[in-house]
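**Q** For reference, the structure I am asking about is given below.
The values are calculated or read from the model by the stated rules, or taken from the named source; none is laboratory data. Predicted model only: the values in this text are computed from it and were never measured. Accessible surface is based on the protein model in full, side chains and every heavy atom, while ligands, DNA and RNA are left aside. Shrake-Rupley method; radii C 1.70, N 1.55, O 1.52, S 1.80 Å.
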Amino acid sequence: MNEPRLIQGFDFLAPFYDVLVKLFFGHSILKAQTHFLSEIKNAKTVLIFGGGAGRLLIECLKINNKANYCYVDISSKMIKQTKQKTRHTSVQFIIGSYNDIPKQYFDIIITPFVLDCFRQNELTDQVVLMLKIRLGSNGKWLFSDFNYSKKSTVANIFSRITIQFLYFIFNIICGLEIIKLPDFKQAFKQNNLVRTKHQEFRNELLASSVYCNR
Ligand SMILES: C[S@@+](CC[C@H](N)C(=O)[O-])C[C@H]1O[C@@H](n2cnc3c(N)ncnc32)[C@H](O)[C@@H]1O
């Protein structure tokens with residue numbers, strides 16, 4: 001991964017990221033991200049990794065404003081946007097990646113449309129591994145991301161074209177150098193995490209799951 005390019009790209013996108021997402025996907029991305037959000041109700045510690053420009057944090061705070069939140073994002077501009085939207089809250093913001101997560105356990109870990117920024121090897125052997133180490137023994141991991149639809153041939157082709165198009169754009173702007181979604185299920189499985197809940201949206205283009213320690 002070319003980290004400076006990645007940061008530069010997401011910094012560039014930050015001021016209008018939420019508007020762009022709304023324009024392309026309406027409310028469905030936020031719907032997928034928040035589908036299992038009631039799981040955070042009684043959490044004391046919540047990690048949001050790759051949270052973006054702040055829309056999700058606002059929804060989290062509506063459900064639970066007593067928890068200690070840790071918000072990690074590689075883009076300082078994404079964090080700046082988030083801070084502006086959530087001015088009166090005490091959230092620990094960290095500009096960084098999975099190696100910069102504080103050494104503590106979290107009741108909830110949220111990865112909203114960020115694991116698609118990693119290649120399979122890095123995702124399995126580093127990202128999911130490092131995050132799993134921070135998940136409390138009864139903790140829950142709320143995952144949401146894109147998905148290759150299996151609903152029908154048309155839906156499958158549509159999902160592939162959409163995801164290909166998004167990677168095309170993100171490869172240009174952020175230098176991701178990725179051409180297909182990693183196998184998320186495999187990355188969780190190899191790290192001994194089990195899926196307990198699952199829901200798909202938009203003809204299975206988007207998916208949301210809850211994972212727990214085995
Ligand atoms: C595709 S955006 C999704 C943003 C937000 N979660 C949403 O769904 O609207 C990916 C986010 O993850 C962040 N990100 C990408 N790679 C990262 C990494 N290695 N470590 C931490 N954050 C990362 C980006 O800065 C960006 O905010």
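**Q** Only helices at least 27 Å long along their own axis, judged from Cα atoms, and with Kyte-Doolittle mean hydropathy of 0.0 or greater: name those in the chain from DSSP H. Write out the running numbers ahead of the final one.
**A** Details: long enough: 153-174 (30 Å, 1.45).
Taking the DSSP H segments of the chain (at least 27 Å long, mean hydropathy at least 0.0), we get 153-174.
**Q** Restricting to DSSP H runs of at least four residues, report the calculated mean residue ellipticity at 222 nm for the chain, -39500 (n - 2.57) per run over all residues, nearest 500 deg cm²/dmol. Write out the running numbers ahead of the final one.
**A** Values: 8 runs with 81 residues, N = 214.
When only DSSP H runs of four or more count, the value is -11000 deg cm²/dmol.
**Q** Which aspartates and glutamates, if any, have their Cα less than 12 Å from the Cα of Lys151, not counting same-chain residues under 8 positions apart?
**A** Straight-distance partners of Lys151: Glu200, Glu204.
**Q** Lys77: which lysines have alpha carbons under 17 Å from its alpha carbon, excluding same-chain residues fewer than 8 sequence positions away?
**A** Reachable lysines: Lys85.
**Q** List, largest first, the extents of the alpha carbons of segment 31-154 along their principal axes, each in whole Å.
**A** Principal-axis extents of segment 31-154 (Cα, largest first): 47, 32, 30 Å.
**Q** Over segment 3-213, consider all pairs of different Cα atoms and compute the Kirkwood hydrodynamic radius from their mean reciprocal separation; express it in Å, one decimal.
**A** Values: mean 1/r = 0.0580 Å⁻¹.
One over the average 1/r among Cα pairs gives 17.2 Å for segment 3-213.
**Q** In addition: Percent of accessible area on the chain owned by carbon and sulfur, 1.4 Å probe? Intermediate results must be reported in sequence, preceding the final value.
**A** Details: 5870 of 10920 Å².
Ligands and nucleic acids excluded, carbon and sulfur give 54 percent.
**Q** Dividing the Cα convex hull volume of segment 111-154 by residue count, how many Å³ per residue is that? Spell out each step's value before the answer.
**A** Working: hull volume 4.4 nm³, N = 44.
Residue-normalised Cα hull volume stands at 101 Å³.
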